[in-house]
Amino acid sequence: ACAQLQLAAPVALVFAPGSVPGDLPRPLPFRDVQETEIPVNLRTSVTSRYETVYRSTTAREEAALDVATAREADAALHLLQDASVGSLTLYVVPETSPLLPQGVSVYVGKHRSALVRAGGGLAALRTRLQQLTQVMSFTATSIAAALSDRVPDGQLGPDARRHLKSSLGYEITFSLLNPDPKSHDVDWDIEDAVNRYVQPVLDKLSLVANFSVDSQILYYAVLGVTPRFDKESSSFLLSTHSLPHVINPVEARLGSSAASLYPVLNFLLYVPERSHSPLYIQDKDGAPVPTNAFHSPRWGGIMIYNVEAPASPQASLPLHVDVDMVRVMEVFLAQLRLLFGLSREELPPEFLLESPGNEGLADWELDRLLWAHTVENIATVSTTLTSLAQLLDKIGNIVIKDDVASEV
Amino acid sequence: GGMAAALLLLLLLAAGPGPGRARRDVLREELLLSPLPAGDVAATFQFRTRWDADLQRGEVSHYRLFPKALGRLVAALGVRELHLALTQGFWRTQAWGQPPLQAPAGAELWVWFQPTVTDVDKAWKELSNILSGIFCASLNFIDSTNTVTPTASFKPLGLANGTDHHLLRYAVLPREVVCTENLTPWKKLLPCGSKAGLAVLLKAERLFHSSYHSQAVHIRPVCRDASCLAVSWELRQTLTVVFDSFASGQGKKDWSLFKMFSRTLTDACPLASQSKVYVDISPKSKEKELLEVTPPPTSVHEAVVQGDKRTYAVYDLLSPSLFNTSRSLNVQLKWQRPQDSSELPTPVLHAQRYVSGYGLQTGEISTLIYNTHPYRAFPVLLLETVPWYLRLYVHTLTIITKGKENKPSYIHYQPAQDRRRPHLLEMLIQLPANSITKVTIQFERALLKWTEYTPDPNHGFYVGSSVLSALVPSVIAMKDGDVEQSPLFTSLFPSSDGSSYFVRLYTEPLLVNLPTPDFSMPYNVICLTCTVVAVCYGSFYNLLTRTFHVEEPSRGGLAKRLANIIRKFRGVPPL
């Protein structure tokens, strides 16, 4: 049976005074629909449908666009529009407008809107619109990645199956590994760091799933790999190909979450032993990785925190170490974004992206995640129901317990 | 690359490192070596983590010394107290004396839930399944057929607001075997693992080569300090092992840490605030000590434990003077004079249980309770859990002391329901001084359905140990010391007043044979039937279908004629 999926996204193209191109087919306001087909496999196809509304700005929007910088404009516009999840609004400003800095023709805001410099007619605008939907909404690759179990193997890129599967909830565990408590007395203010840095991001993501966070400190937990000593830099190095072997021995100590069924994301902070300090991770070219961290798709991330040697060799052990949670949380939050697949793809030139600030991700990034998860959920549901129906067709008198039957 | 740069803008509120916060959890570890009368030695390890956080209220989710697996379990399922013990062997109270903390053979789990839990049975089932996963034990076999709700025994050992006994569940699995795969997850819960401190001695090949091995986990809420305004959570992991002088000691009665555990102590756990080894050197009679310990202890501690004044040699692993002379500590115990059998101490309270009767239809369970105190009488609470397939006749329950009938002052009996609930019998019996009390009850054995038999049904079916709880009067008054200062083995049970101490004893488990069908019969029947049918049918078919016809004798070929010539020479008749 052929499966057809249609993804409809409402788009609005709003023209500020002085930016209306000359070659509009009809006078403003008017509507337009664009449908493209994304082939997935022989039996499934996904159509994307962009319902575009072309209109001119209202008086309040004009007032909002009349500010000094693009960021303020974005903030003011956000208050005016009631952008529903998945929608996109494009404001076209005149070529001479001071909002966009020199050399930048598209500014992507924190919420669901973007500012585009006018010029070049309707065709150029439509190209810009296309580029913007590739960035802010879904693309063929992201949909194919979400349906990854239906796509034949050759077509997907290497990154396709790396993102976390969609689930009702996730558990995030921060673990501090201290293999040498005699030398290092490590203290981390994890509670404060979670409330301050992690919780705003999770609150933003709460539309996608439920999150629960906890943390633990594990002592005498060693990495499974012995690092090499490098004489030139007088430090210890972990090469890239030994990284996969690091996780397995540690995972035995991490413990499974017995009380819930959600997938667990582990973020480990490893403080190397006195005898193996300082420890750096090497990337493929042999240079030490600047953040000294790596992540494993669908599992979590590990960061190595080096402690400086004591000034005098007679310093009393154990050394008291207060972990710099800012540096650590930066890396962990970046890894969290990578695990969810919120990485920024290659941007076309002349694009400027607004940083999402304390919340960790922009509204449109959340939309991308929701698109991918929704498509994945629908695909899973249809597969499950189809296979259930086929099973019941083949085995007419299968015995099913009452509680199982009530769930179907 | 660009991502990290973008996120650097994220965290503009860079706070400086806060001042060193007071740690909220404390670890104490302790090892008690007590020589037993027959030349054996008992070693009791205790690891106690006290966490000043309220696991019940609020989202406590940041763990340090308290293991995350147990903390999440307690918070998620609304557990107030949890006691799990896995034991191999039996503590012979008569020969070895009163145990500090005894557990029945097999697995025992008893849990008090919070009053906020609405469906206690569902929480109990989830809890036993999760614990079964954490400890690699078959606790998932705990279901309604071996769970009871005692009304008077097993009162909470920690802080308790009210005691509605419907929040208590008790189950025992006497058939459970304890081995290395249960010890490893138990060791994993310790903050230092088995890498430092007293836990380095816990090596499986020596621990299981012993007469008695019991490991337990106890979680309970305790008062944070003397004023008891706030609640802390206490996790105690205890491990008791008895080394036999013949099996492990090669017949000699001199013991050392190396002989017992094949390891010595090199340091204390860096996370522990206290790490001590206590050796019981109490003189058994008024003469000088029986036991000599080397190296010399850091201090000597005297305490009244279980009604006796005892002296302990203390080795404090955190004191710097201990490891001055040698890098490792190997405590050696030498007996100074041979043991006299007349010096065997008799414990004040001990019990025995056995099953009697003949045949596979009826039987009788008898429990003998001994009170050897010369002049004090005290009551004892007896709890018996009997599986449903031994049908007890309560009208045959008799309690006889010194030839006269003894009526219990409190009796609670819950009859069994076939395949759903076991028998529960709780009695408060007054034991007169210097007496033996015999409690007998008759039962009838049930015939089970053929799918309910265990794989080796002729081994028998286990009946779990009965539990005796009593406040035994002590000769010497005991001071109620501060929990934080006194050794851990004295603060296991809360003491209400100084004149008596709490004791919980377990009797032997019973092994009862049920009428077992002969499981080879289906095979025999099939063989016999098939043989009869084959012979019958075969003969009948032959009779009906066999035909006879005459065969011409052939003249024989060349070979036959040659053979006949040879036979004529030999003088044998021709073919």
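Looking at this structure, is residue B:86 in contact (Cβ under 8 Å) with a residue 60 or more places away in the chain, part of a helix (DSSP H, G or I) and either more than 14 Å from every other protein chain (Cβ to nearest Cβ) or surrounded by 19 or more Cβ atoms within 10 Å (Cβ to Cβ) (or both)? It is false that residue B:86 is in contact (Cβ under 8 Å) with a residue 60 or more places away in the chain, part of a helix (DSSP H, G or I) and either more than 14 Å from every other protein chain (Cβ to nearest Cβ) or surrounded by 19 or more Cβ atoms within 10 Å (Cβ to Cβ) (or both). The sole residue among A:365, A:354, A:350 that is in contact with a strand residue (DSSP E or B) (Cβ under 9 Å, 6 or more places away or on another chain) and more than 11 Å from chain B (Cβ to nearest Cβ) is A:350.
Conditions tested, residue by residue: (1) assigned by the TED database to the domain that holds residue B:468; (2) within 30 Å of residue B:219 (Cβ to Cβ).
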| residue | (1), (2) |
| --- | --- |
| B:487 | no, yes |
| B:498 | yes, yes |
| B:501 | yes, yes |
| B:505 | yes, yes |
| B:517 | no, no |
| B:520 | no, no |
| B:523 | no, no |
| B:530 | no, no |
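The set of residues in the range B:103-144 being within 19 Å of the chain's Cα centre (by Cα) and among the polar types (S, T, N, Q) consists of B:128, B:129, B:132, B:138, B:140.
Condition test on residue A:371, is it in a helix (DSSP H, G or I), modelled with pLDDT under 85, more than 22 Å from residue A:172 (Cα to Cα) and away from chain B (no Cβ under 14 Å)?
On the way: in a helix (DSSP H, G or I): yes; modelled with pLDDT under 85: no; more than 22 Å from residue A:172 (Cα to Cα): yes; away from chain B (no Cβ under 14 Å): yes.
Judged against the criteria, residue A:371 is not a match.
Check the range B:284-291 and report whether any residue there is within 30 Å of residue B:204 (Cβ to Cβ), in contact (Cβ under 8 Å) with a residue 24 or more places away in the chain and not assigned by the TED database to the domain that holds residue B:195. Checking the range B:284-291: at least one residue is within 30 Å of residue B:204 (Cβ to Cβ), in contact (Cβ under 8 Å) with a residue 24 or more places away in the chain and not assigned by the TED database to the domain that holds residue B:195. Taking the criterion of being closer than 30 Å to residue B:498 by Cβ, in a loop (DSSP other than H, G, I, E, B) and at pLDDT below 85, the residues of the range B:292-335 that qualify are B:306, B:307. Within the range A:328-344, the set of residues being under 9 Å from the mean Cα position of the chain (by Cα) and either over 17 Å from residue A:200 (Cβ atoms) or facing chain B (nearest Cβ under 8 Å) (or both) comprises A:334, A:337, A:338, A:339, A:341, A:343, A:344.
One residue is enough: does the range B:50-58 have a residue meeting the conditions within 18 Å of residue B:187 (Cβ to Cβ) and either modelled with pLDDT of 90 or more or away from chain A (no Cβ under 14 Å) (or both)? Scanning the range B:50-58 turns up no residue that is within 18 Å of residue B:187 (Cβ to Cβ) and either modelled with pLDDT of 90 or more or away from chain A (no Cβ under 14 Å) (or both).
Conditions tested, residue by residue: (1) among the β-branched types (Val, Ile, Thr); (2) crowded, with 17+ Cβ neighbours inside 10 Å; (3) more than 30 Å from residue B:38 (Cα to Cα).
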{"site": "B:352", "(1), (2), (3)": "no, no, no"}
{"site": "B:362", "(1), (2), (3)": "yes, no, yes"}
{"site": "B:394", "(1), (2), (3)": "yes, no, yes"}
{"site": "B:453", "(1), (2), (3)": "no, no, yes"}
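Screening residue A:46 with (1) touching a residue at least 60 places away in the same chain (Cβ under 8 Å); (2) within 26 Å of the chain's Cα centre (by Cα); (3) surrounded by fewer than 14 Cβ atoms within 10 Å (Cβ to Cβ) gives one miss only, at (3). In the range B:259-275, which residue that is within 25 Å of the chain's Cα centre (by Cα) and not in a loop (DSSP other than H, G, I, E, B) is farthest from the other protein chains (Cβ to nearest Cβ)? Out of the qualifying residues, it is B:259. The set of residues in the range B:34-51 being farther than 13 Å from residue B:213 by Cβ and in a strand (DSSP E or B) consists of B:34, B:35, B:41, B:46, B:47, B:48, B:49, B:50, B:51.
Just for the range B:499-556: of the residues that are within 29 Å of the chain's Cα centre (by Cα) and part of a loop (DSSP other than H, G, I, E, B), which one is surrounded by the fewest Cβ atoms within 10 Å (Cβ to Cβ)?
Going through the range B:499-556, the residues within 29 Å of the chain's Cα centre (by Cα) turn out to be B:500-516.
So of that shortlist, the ones also part of a loop (DSSP other than H, G, I, E, B) come out as B:507-509, B:513-516.
Numbers: B:507: 23, B:508: 19, B:509: 18, B:513: 15, B:514: 18, B:515: 12, B:516: 16.
So the residue we want is B:515.
Within the range B:181-206, residues that are more than 14 Å from chain A (Cβ to nearest Cβ) reach partners that are assigned to a helix (DSSP H, G or I) and among the hydroxyl-bearing types (Ser, Thr, Tyr) with beta carbons closer than 8 Å, at six or more positions or on different chains, in the pairs B:204/B:180; B:204/B:184. All of (1) surrounded by fewer than 16 Cβ atoms within 10 Å (Cβ to Cβ); (2) more than 14 Å from every other protein chain (Cβ to nearest Cβ) hold for residue B:122 with one exception: (2). Highlighted here are the strands (runs of 3 or more DSSP E) found entirely within the range A:178-290 that include at least 3 residues which are in contact with a strand residue (DSSP E or B) (Cβ under 6 Å, 6 or more places away or on another chain) and within 9 Å of chain B (Cβ to nearest Cβ): A:210-219.
Every residue, every condition in (1) touching a residue at least 40 places away in the same chain (Cβ under 8 Å); (2) among the charged types (D, E, K, R); (3) within 26 Å of residue B:190 (Cβ to Cβ), yes or no:
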residue: A:217; (1), (2), (3): yes, no, yes
residue: A:220; (1), (2), (3): yes, no, yes
residue: A:223; (1), (2), (3): yes, no, yes
residue: A:230; (1), (2), (3): no, yes, no
residue: A:237; (1), (2), (3): yes, no, no
residue: A:246; (1), (2), (3): yes, no, yes
residue: A:249; (1), (2), (3): no, no, yes
residue: A:252; (1), (2), (3): no, no, yes
residue: A:256; (1), (2), (3): no, no, yes
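The residues on offer are B:245, B:273, B:262, B:227, and the sole one that is of a type outside the set (A, V, I, L, M) and at positive phi is B:262.
The values are calculated or read from the model by the stated rules, or taken from the named source; none is laboratory data. Everything numeric here is computed off the predicted structure, so don't read it as measured data. So basically every Cβ, Gly included, is an ideal-geometry build from the backbone, and we count neighbours across all protein chains shown.
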